[in-house]
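The structure under discussion appears below in the form of structure tokens.
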Amino acid sequence: MPHDRRPTLLRTLTGGLALAAAALLVAGCQAAAPEPQQTADATPSVSPRPPGATPTPIETQTPGATLEVPESCDDIYSGEMRAALESENPPLNDPGVTMLSTQNVDLIQIIDGGAATLRCTWGVPSEFGLATNVTALDADQSETVARELGESGFDCQPLGDGTVCRMEQKGVTLDDKEYTSGETHYVGEGGWVSTAWINFSPEGYTEDIVATIWG
């Protein structure tokens, strides 16, 4: 049996979930920055960027990757999904939203390590929103991501020519507010779509991205 290394997102509330939901990341369609050390908050949230944080864009493609990462978040959704997102939880890429697209440290290191990536968020800093990265991977990185998701307890199923993996948790915050949070990942030919969300998980969201990018 593989060693259980569930991501921080699914640890106890005081030790993990509130920290996970409040984790900091650079805003907009940018590369992820390393997560700073924080103390757990009473309420999970899509947290604001700390003063002085400066996003660092990724400008080059990943060597060996076959996926060309889209240049804009406008290019990863169908018209129907984009309209639904605009209606249900605008805006796209609020500069204050810095939620990580995953809480798995090993996966974060792939994004932080220079992989070409596009970041898209929906919502304002609150307890309601999501963050997505579309990241180019080489063959070794794809294998690493897929293995890590399986070993971390995600439920993985075939989707198109790749694999989609999901994890979800419901709970109650320290101030007695119910929440639902989770992560969804797709690993396909040459690329990876990672999404973390709290209280906002649109039906067919990842499937729509996969269909739009991979066809």
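For segment 129-148, give me each residue that is open to solvent by less than 10 Å² (accessible area, probe 1.4 Å) and closer than 12 Å to E189 by Cα.
Scanning segment 129-148 gives T135, A136, L137.
Residues are listed down the side, and each one gets a yes or a no for (1) under 13 Å from the mean Cα position of the chain (by Cα); (2) more than 18 Å from P70 (Cβ to Cβ); (3) open to solvent by 50 Å² or more (accessible area, probe 1.4 Å); (4) of a type in the set (A, V, I, L, M, F, W, C):
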{"site": "P125", "(1), (2), (3), (4)": "no, yes, yes, no"}
{"site": "E203", "(1), (2), (3), (4)": "no, yes, yes, no"}
{"site": "D208", "(1), (2), (3), (4)": "no, no, no, no"}
{"site": "G215", "(1), (2), (3), (4)": "no, no, yes, no"}
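Are there any pairs, at least 6 apart or on different chains, whose C-beta atoms fall under 8 Å, with the first in segment 155-180 and touching a residue at least 60 places away in the same chain (Cβ under 8 Å) and the second open to solvent by less than 40 Å² (accessible area, probe 1.4 Å) and charged (D, E, K, R), and if so, which?
M167/E183
Condition check: modelled with pLDDT of 95 or more, of a type outside the set (S, T, N, Q) and in contact with an Asp or Glu (Cβ under 6 Å, 6 or more places away or on another chain). Does M81 satisfy that?
yes
Looking at this structure, is V97 β-branched (V, I, T) and open to solvent by 60 Å² or more (accessible area, probe 1.4 Å)?
So V97 does not fit the description; no.
For segment 149-172, how many residues meet the condition of being part of a loop (DSSP other than H, G, I, E, B) and either open to solvent by less than 10 Å² (accessible area, probe 1.4 Å) or hydrophobic (A, V, I, L, M, F, W, C) (or both)?
Going through segment 149-172 one residue at a time, the tally reaches 2.
Hey, does segment 42-56 have a residue that's aliphatic (A, V, I, L, M), outside any loop (DSSP other than H, G, I, E, B), at pLDDT below 95 and under 19 Å from T184 (Cβ atoms)?
yes
So which residues in segment 105-123 are open to solvent by less than 10 Å² (accessible area, probe 1.4 Å) and either under 11 Å from the mean Cα position of the chain (by Cα) or within 14 Å of S194 (Cβ to Cβ) (or both)?
Across segment 105-123, the qualifying residues are L107, I111, A115, A116, L118, R119, C120, T121.
The values are calculated or read from the model by the stated rules, or taken from the named source; none is laboratory data. None of these values were measured; they are calculated from a predicted model. Cβ coordinates were reconstructed from backbone atoms using ideal geometry, including for glycine residues, and neighbour counts include every protein chain displayed. The area values use the complete protein model at the heavy-atom level, side chains included, leaving out ligands, DNA and RNA. Shrake-Rupley method; radii C 1.70, N 1.55, O 1.52, S 1.80 Å.
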